[in-house]
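Structure, as structure tokens:
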Amino acid sequence: MPTLSKTAIARKRAKAAARSGPGTGPEQKAVAAGDTQRLLQHWRDAVPNDRMAHLVKDATRALVRSLQMRLAEHEVSFGHWTYLRILWESDGLTQSELSREAGVMEPTTFTALKAMESRGYIVRRHLAGNRRKVHIFLTAKGRALKRSLVPLAEAVNHVAVRGIASSDIAATRRTLVAVLANLAQDEEQSLQAKSIRE
């Protein structure tokens, strides 16, 4: 039976920690913090020149984990945060639009919305003249969460860039936007090539 590399073990632990939701106990929070420390050590010592995609993914996991710990104190899961954040900006989306914006499959969205509805964050309803599409609307309780949850996300961002020069932050933003632009162009070219072949 093959043994897992240190990288695979660290990624497995990070993935497990990222899945933990509300109700995360202090032991699990300590494990999550330990996992972030292990990821940091991994990047500094083991693979400082590994692919950028892996570094971005691990940084994202650490950011998510940091926000998860804060959200758990308010008994809100990271999955619910994702939908709330979208709805605070675009209330009344259809379920399929919400899935697309969140980047997840519709069954996942359906399950999350059912839980959010039971917590009183959202209501699902059909608009007049269209019985096929279900639209998602925030309740007063769902809208009110913005005041307490957005500062948590802002705090994570402040922690993440603490001690980093503003010029480095600006360069990182420019670099990541350029990475997105390159990948978007590559995706478009691939889709065009595929349509030509078909």
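The values are calculated or read from the model by the stated rules, or taken from the named source; none is laboratory data. Values in this document were obtained by computation on a predicted structure and should not be read as measured data. Glycine gets a Cβ as well: all are built from the backbone with ideal geometry, and neighbour counts include every protein chain shown. Heads up: the accessible areas ignore ligands, DNA and RNA and are worked out on the full protein's heavy atoms, side chains in. Shrake-Rupley method; radii C 1.70, N 1.55, O 1.52, S 1.80 Å.
From the residues SER99, PHE137, ALA171, which one has its Cα farthest along the dipole of segment 72-198 in the positive direction, the dipole being from +1 and -1 charges on Cβ of Lys/Arg and Asp/Glu about the Cα centre?
About the Cα centre, the residue reaching furthest to the positive side is PHE137.
Once fully extended, how much extra length lies between GLN95 and GLU117, figured as 0.36 nm per residue of separation less the alpha-carbon to alpha-carbon distance? Mind dumping the intermediate values first?
Working: separation 22, 0.36 × 22 = 7.92 nm, distance 1.30 nm.
Contour length minus Cα-Cα distance gives 6.6 nm.
Using 0.36 nm per residue, how much length does the chain from ASP168 to GLN189 gain when fully extended, once their Cα-Cα distance is taken away?
Stretched out fully, the ASP168 to GLN189 stretch lengthens by 4.4 nm.
For VAL134, what residues show an amide H to amide H distance below 5 Å, using hydrogens built from the backbone and excluding near sequence neighbours?
Counting only residues 5 or more places away or on other chains, the set is GLN95.
Residue separation times 0.36 nm, minus the C-alpha to C-alpha distance between GLN37 and ALA178: what's the value?
Working: separation 141, 0.36 × 141 = 50.76 nm, distance 2.85 nm.
Once the chain is fully extended between GLN37 and ALA178, it gains 47.9 nm.
When ranked by the protection proxy of mean other Cβ atoms within 10 Å per residue, highest first, what sequence do the peptides 189-197, 136-144 form? Kindly include the intermediate steps, with their values, before the conclusion.
Values: 189-197: 8.9, 136-144: 15.8.
With the highest mean Cβ count within 10 Å placed first, the list reads 136-144, 189-197.
If you take every residue apart from LEU152 with its C-beta less than 14 Å away from the C-beta of LEU152, what net charge results, scoring Lys and Arg +1 and Asp and Glu -1?
+2
Placing +1 at every Lys and Arg Cβ and -1 at every Asp and Glu Cβ, with all other atoms neutral, what dipole size does segment 115-160 have around its Cα centre, in debye to the nearest 20?
Magnitude of the dipole: close to 360 debye.
Ignoring any ligand, DNA or RNA, what whole percent of the accessible area of segment 47-198 comes from carbon and sulfur when the probe is 1.4 angstrom?
It is 55 percent, rounded to a whole number.
In nm, to one decimal, how far is the modelled label at GLU73 from the one at THR60, with both set 7 Å along Cα→Cβ?
Placing both labels 7 Å beyond Cα along the Cβ direction yields 2.6 nm.
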